[in-house]
Amino acid sequence: MNVILMGYGRMGREVEQILNQKGHSIVARVDPGGMGDMTSVDEESLKKADAVIEFALPEGIVKRAELYSSYGLKAVIATTGWEKQRKDVLSPFKQDSAAIMYGSNFSMGAHLFFRLSSYAASLINKLEDYDVAVIEYHHNKKIDSPSGTALSAAGKILENLNRKKEILPGNPPGAIKPEQLQIVSVRTGSIPGIHKVCMDSPADTIELSHSARNRGGFALGSVLAAEWLLDRSGIFSVDEFMQDFLD
Ligand SMILES: NC(=O)c1ccc[n+]([C@@H]2O[C@H](COP(=O)([O-])OP(=O)(O)OC[C@H]3O[C@@H](n4cnc5c(N)ncnc54)[C@H](O)[C@@H]3O)[C@@H](O)[C@H]2O)c1
């Protein structure tokens, strides 16, 4: 597979390592910050590439998506923060051989954790004794709270556990209601990300835990996603890919 790396920051470099390990070729490393081979993508690279893996910034994403579409590329857009431009980014991909996959979490391990959370919630659905909460730990520079991953795991639990009806983020004063699913966010030190689903009954406690060690899981997921797109066209979410890949 011939791949354009759009964005050659921390994630772009991680993806490069995985592509090299798997024997894929990198056609161009594109980064306006000057760290790559070129600051904007050239026509020669677009013609040569099968796929593009994008971990960049959202500015200019509509134009880039049009470019990927017009060159029939398989595009993995892992760049985040373009929700408001979603329609403009995705609409060019409807009619030709190009394909796009987008999502805010390409980590294979995180998606395994979502799957396990769904399954655990469906099991305790019949066991009224078990209550459940989500706890996440991150470094003290993290801006968002709860994390997107914690919200996704909580969403899977709500889908499968009838007695929980809504998410309660944080630690508001007073007792929580039985139908609330609490997400506790701890911010301290340098933790890359730990997510736990804690199921507790009068007799015992069961915990599912996912600990991110580095960015490698996101990079591997994006490369597997590009490989999966090779013989497909159209628009796919990362959830659709993971569902197909893990089944
Ligand atoms: N979807 C996921 O699973 C996932 C996981 C990790 C990071 N991300 C997202 O990936 C993006 C990059 O993350 P990072 O940690 O590598 O950040 P980073 O800051 O290390 O790198 C971003 C790079 O993109 C470059 N860039 C800026 N505008 C660009 C453009 N128009 N075209 C090409 N490159 C451009 C910057 O110069 C920089 O080198 C962010 O949006 C981040 O939220 C997504």
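Observations, loosely collected:
- At most 12 other Cβ within 10 Å, DSSP loop - trypsin sites (Lys or Arg not before Pro), the stretch 133-240: Lys141, Lys165, Arg213
- Antiparallel bridge percentage (DSSP; both residues within the chain; nearest 5): 30
- Percent of beta bridges antiparallel (DSSP, the stretch 108-211, rounded to nearest 5): 60
- Thr80/Ser201 FRET efficiency (R0 51 Å; Cβ-Cβ; nearest 0.05): 0.85
- Burial ordering of Ser40, Ser69, Ser118, fewest other beta-carbon atoms within 10 Å first: Ser40, Ser118, Ser69
- Relative to the dominant Cα principal axis of the chain, helix 61-70 is inclined by about 60°.
- Gain upon complete extension [Lys165, Lys48; 0.36 nm per residue less C-alpha separation]: 37.1 nm
- In degrees, nearest ten, helix 10-21 long axis to first principal axis of the chain (Cα): 70
- The length gained by stretching the chain between Glu179 and Leu127 to full extension, at 0.36 nm per residue less their Cα-Cα distance, is 17.2 nm.
- When only Cα pairs below 8 angstrom with a gap of at least 6 residues are kept, the stretch 1-125 shows a relative contact order of 21 percent.
- Placing pseudo-labels 7 Å out from each Cα toward the beta carbon at Ser104 and Arg232 gives an inter-label distance of 2.1 nm.
- Among the GluC sites (Glu not before Pro) found in the stretch 172-247, those both in a DSSP coil and sparsely packed, with 13 or fewer other Cβ atoms within 10 Å of their Cβ, are Glu179.
- Estimated 222 nm signal from helices in the chain, with DSSP H stretches of n ≥ 4 weighted -39500 (n - 2.57), rounded to 500: -10500 deg cm²/dmol
- Cα-based radius of gyration for the chain, normalised by 2.2 N^0.38 Å, reads 1.12.
- Neighbour counts of C-beta atoms inside 10 Å place Val132, Val186 in the sequence Val186, Val132, starting with the fewest.
- Lysine pair count for the stretch 108-211 [Cα-Cα under 15 Å; pairs on different chains or 8 or more apart]: 6
- log₁₀ of I(q)/I(0) at q = 0.12 Å⁻¹ - the stretch 108-211, Debye sum with one point per alpha carbon: -0.37
- Residues of the stretch 28-57 with amide N under 17 Å of the 7 Å Cα→Cβ point at Gln17: 55
- 0 to 90° range, to nearest 10: angle between helix 216-229 axis and the chain longest Cα axis: 60
- Euclidean distance of C-alpha centroids, the stretch 2-81 and the stretch 190-247, integer Å: 22
A short reminder: the numbers here are calculations on the coordinates, not readings from a lab. This one's a predicted model, so the numbers in the text were calculated from it and none came from an experiment. Quick reminder, even Gly has a Cβ in these numbers, built from the backbone with ideal geometry, and neighbours come from all protein chains shown.
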